[in-house]
1. Name every residue in segment 247-269 that is in contact (Cβ under 8 Å) with a residue 40 or more places away in the chain and not in a strand (DSSP E or B), in order of residue number.
2. Could you tell me whether segment 212-230 includes any residue that is without any contact (Cβ under 8 Å) to a residue 60 or more places away in the chain, within 20 Å of the chain's Cα centre (by Cα) and surrounded by 24 or more Cβ atoms within 10 Å (Cβ to Cβ)?
3. Among (1) outside any strand (DSSP E or B); (2) free of Cβ contacts under 8 Å to residues at least 12 places away in the same chain; (3) within 24 Å of residue 139 (Cα to Cα), there is one condition residue 242 misses while meeting the rest; what is its number?
4. Name every residue in segment 120-131 that is more than 16 Å from the chain's Cα centre (by Cα) and within 11 Å of the ligand (Cβ to nearest atom), in order of residue number.
5. State all residues of segment 132-149 that are in contact with a strand residue (DSSP E or B) (Cβ under 8 Å, 6 or more places away or on another chain) and away from the ligand (no atom under 16 Å from the Cβ); if no residue qualifies, say none.
6. Would segment 157-164 turn up any residue that is under 30 Å from residue 98 (Cα atoms), within 16 Å of the ligand (Cβ to nearest atom) and buried (at least 22 other Cβ atoms within 10 Å of the Cβ)?
7. Restricting segment 188-209 to residues that are within 8 Å of the chain's Cα centre (by Cα) and near the ligand (Cβ under 9 Å from one of its atoms), which is farthest from residue 103 (Cα to Cα)?
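Just so it is clear, none of the values below were taken in a lab; they were calculated from the coordinates. Keep in mind it's a predicted model, so treat the numbers as computed, not measured. Glycine also receives a Cβ, built like all others from the backbone with ideal geometry; neighbour counts cover every protein chain displayed.
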Ligand code: SF4
């Protein structure tokens, strides 16, 4: 046991150990601690400030708080383009080292699903009917990431099956692809009550599973559908307008940011803009839009 750990009272030590085990369950395996001078440890070994310092350091490995401003939910997206101040960035878990062979990806994704189990890791478990893990091809070159399940998704256990899902299907078809050729997942896997935006704590906990899914599928292109998906994929909230129209890099993938289909249902005038975003993704994938009949 390290000198620092010995300096902690047993209750604090056990609480920290529990927290670290929890993060390891989520796939977070690396934790960092600022170096502490030995003289400082000796001088303050008996004080509670030492425990507080360690707790702060553990918080650096934790998904930290996202902005507190309320934002749109899956089916209540009103302000995709509103300007929101940039927030503190939060760390993502390291990318899984070796690529999973295409033939083994379905099994690897099932392992993640098994890890999730009948999850109660965040408060969203209380209101859900079904966990919405993902849909599509484990070997997809293109992956869409939304915010979270709505009522239809919660009932069926599949992402994007309501009206917004129908529009997403149309967008996929317009790209010359079938839904079964892409992979679709959300930042959170349980429906937020009333379709509200996931709380930062909920999204930060659940997105660890999303990152693992991305690492297994390793799509060439990720498309973030809406501000919430962009926020947690990029690790910082920025105005959607500033993120669209260019290619970002996330976990070895090219990331394109566009509007959430639910927002497009509310404001169809933005469909042209969304199509322009999808054309960037198509160019990265070497796809050509199918000829119109
Ligand atoms: S949203 Fe994610 S972390 Fe929260 S209970 Fe559901 S599966 Fe677990």
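1. Once the filter is applied, which keeps residues that are in contact (Cβ under 8 Å) with a residue 40 or more places away in the chain and not in a strand (DSSP E or B), segment 247-269 yields 251, 252, 259, 260, 261, 262, 263, 264, 265, 266.
2. For segment 212-230, residues without any contact (Cβ under 8 Å) to a residue 60 or more places away in the chain, within 20 Å of the chain's Cα centre (by Cα) and surrounded by 24 or more Cβ atoms within 10 Å (Cβ to Cβ): present.
3. The single condition residue 242 does not satisfy is (3).
4. As a first pass, look at segment 120-131 and keep what is more than 16 Å from the chain's Cα centre (by Cα): 120, 123, 125-130.
Within segment 120-131, 120, 123, 125, 126, 127, 128, 130 qualify.
5. Across segment 132-149, the qualifying residues are 136, 137, 138, 140, 141, 142, 143, 144.
6. Yes: segment 157-164 contains one or more residues that are under 30 Å from residue 98 (Cα atoms), within 16 Å of the ligand (Cβ to nearest atom) and buried (at least 22 other Cβ atoms within 10 Å of the Cβ).
7. In the first step, residues of segment 188-209 are kept if they are within 8 Å of the chain's Cα centre (by Cα); the result is 188, 203-204, 206-209.
Adding the requirement that they be near the ligand (Cβ under 9 Å from one of its atoms) leaves 188, 203, 206-209.
Working: 188: 26, 203: 30, 206: 26, 207: 25, 208: 23, 209: 20 Å.
So the residue we want is 203.
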